[in-house]
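Just below is one structure, and these are the notes that go with it.
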Amino acid sequence: MIKKLSILLLFVLLLFSACQKRREVKYLFYQPLLKDKIEWERVFFTMHSLGLKILILQWSRYDMVDFIKNKVWLEKILEEAKVQNIQVVVGLYGDNRYFKNIEDKKLNLPIYFDKLYKINIQQAQKIYKVAKNFSNFSGWYFVEEVDDLNFKEKRREKALKVYWKRLSCEIDKVADRAIYLSAFYGQNSSPQEYAEMLNRVVPKGVHLLLQSGIGAKLVNLKESKNYMQKFKMSYKGEFSPIVELFTIGKKEIIAMEATLVQKQIEFLRDNQIGNSIALFSLRYLFTDELLRAYNYHKRSKNFR
């Protein structure tokens, strides 16, 4: 009898462990644009029904457009999100010339990062004046994405490390919340080299969001699977893979086919890649075709 109970207990523990390890689709990005007219009540109701728990506002200021200038913008988002028990991570400042700037080998990166640091701290203080009144304000997002090409030189790597450490320390003083940042892989180094570089520069405790690269056509599905697996083996911190919901068409960016989205999610879950899964972005998920397909698969065994 005792032997049977022991076997049953072991089975239950193994089953619980398997459930615990299953990667859930947790995050959804949103890139704010002035032209957007969002029905937030519908968005958060749908997110809740799909099991998505956290909205990441990719930025709250983009170049000269400061969305926080009208505090009602963020208040509305936080209020509606709270009704559906959705957490909100708020992005800081996005420089529209960021990628052009970091590609410039003559650029003095420490001076450039110092400029970004000052703007980001000012932005964080403005955000917190609004967000402090909402319990579902759960984190900060650093807008600057990091690739595997432009920080290969030691002096550039050091400048990035100093910037992130300085910014994360000062952001903690504004409000102690989770901090997120993004990286993407373009086959300019090995996945192991890329992971090791990020091990050196990402501040302790900061959550990394790692883009799949498929929608941006930096890699194909097979290449993305390969780099995700190898990255997982070398990266020491917490990270969540980002499944891109878009693809680049002949003339415009369009929603990705649902079957390709499904294949990515299944792979990440089956191979236990990262802590959870993020989707990029709301703009594509909420197209009728992809949302309908995702909603269907969510109820099937593949997305359960």
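The values are calculated or read from the model by the stated rules, or taken from the named source; none is laboratory data. All figures in this text were calculated on a predicted structure; none of them were measured in a lab. Note that each Cβ is placed from the backbone with ideal geometry, even for glycine, and that neighbours are counted across all protein chains shown.
Based on what the data block shows, is Gly139 in contact with a Phe, Trp or Tyr (Cβ under 8 Å, 6 or more places away or on another chain) and either of a type in the set (D, E, K, R) or crowded, with 22+ Cβ neighbours inside 10 Å (or both)?
no
As a summary of the residue check, Tyr227 satisfies the conditions (1) in contact with a strand residue (DSSP E or B) (Cβ under 7 Å, 6 or more places away or on another chain); (2) at pLDDT 95 or above except for the one numbered (1).
With respect to being out of contact with any Ser or Thr (no Cβ under 6 Å at 6 or more places or on another chain), among the aromatic types (Phe, Trp, Tyr), at pLDDT 95 or above and crowded, with 20+ Cβ neighbours inside 10 Å, Trp73 falls outside the description. Within region 134-154, the set of residues being farther than 18 Å from Ile54 by Cα, in contact (Cβ under 8 Å) with a residue 40 or more places away in the chain and either part of a helix (DSSP H, G or I) or over 19 Å from the mean Cα position of the chain (by Cα) (or both) comprises Leu149, Asn150, Phe151, Lys152. Any residue in region 129-138 that is closer than 22 Å to Leu198 by Cβ and either touching a His at 6+ places or on another chain (Cβ under 9 Å) or not small (Gly, Ala, Ser) (or both)? No, region 129-138 contains no residue that is closer than 22 Å to Leu198 by Cβ and either touching a His at 6+ places or on another chain (Cβ under 9 Å) or not small (Gly, Ala, Ser) (or both).
Report whether or not Val146 is under 29 Å from Lys263 (Cβ atoms), touching a Gly at 6+ places or on another chain (Cβ under 7 Å) and not hydroxyl-bearing (Ser, Thr, Tyr). When the stated conditions are applied, Val146 does not pass them. Looking at Ile102, is it among the aliphatic types (A, V, I, L, M), farther than 29 Å from Asp288 by Cβ and surrounded by 16 or more Cβ atoms within 10 Å (Cβ to Cβ)? So Ile102 passes the test. Look at Asn85 and say whether it is loosely packed, with under 14 Cβ neighbours inside 10 Å, modelled with pLDDT of 95 or more and more than 23 Å from Ile119 (Cα to Cα). It is true that Asn85 is loosely packed, with under 14 Cβ neighbours inside 10 Å, modelled with pLDDT of 95 or more and more than 23 Å from Ile119 (Cα to Cα).
Only a single criterion out of (1) buried (at least 16 other Cβ atoms within 10 Å of the Cβ); (2) in contact with a helix residue (DSSP H, G or I) (Cβ under 6 Å, 6 or more places away or on another chain) is not satisfied by Glu41, namely (1). Just one of the numbered conditions (1) closer than 28 Å to Leu291 by Cα; (2) in contact with a Gly (Cβ under 9 Å, 6 or more places away or on another chain); (3) of a type in the set (A, V, I, L, M) is not true of Leu198: (1). All conditions in (1) closer than 28 Å to Glu223 by Cα; (2) among the hydrophobic types (A, V, I, L, M, F, W, C); (3) under 17 Å from the mean Cα position of the chain (by Cα) hold for Trp164, with the sole exception of (1). Counting only strands (runs of 3 or more DSSP E) wholly contained in region 196-304, the ones carrying 2 or more residues that are in contact (Cβ under 8 Å) with a residue 12 or more places away in the chain, buried (at least 21 other Cβ atoms within 10 Å of the Cβ) and β-branched (Val, Ile, Thr) occupy 239-244.
Would you check if there is a residue in region 117-131 being in a helix (DSSP H, G or I) and over 30 Å from Glu75 (Cα atoms)? No, because not a single residue in region 117-131 is in a helix (DSSP H, G or I) and over 30 Å from Glu75 (Cα atoms). Looking only at region 67-81, how many residues end up being touching a strand residue (DSSP E or B) at 6+ places or on another chain (Cβ under 8 Å), in contact (Cβ under 8 Å) with a residue 40 or more places away in the chain and closer than 15 Å to Leu92 by Cα? So the answer is 2.
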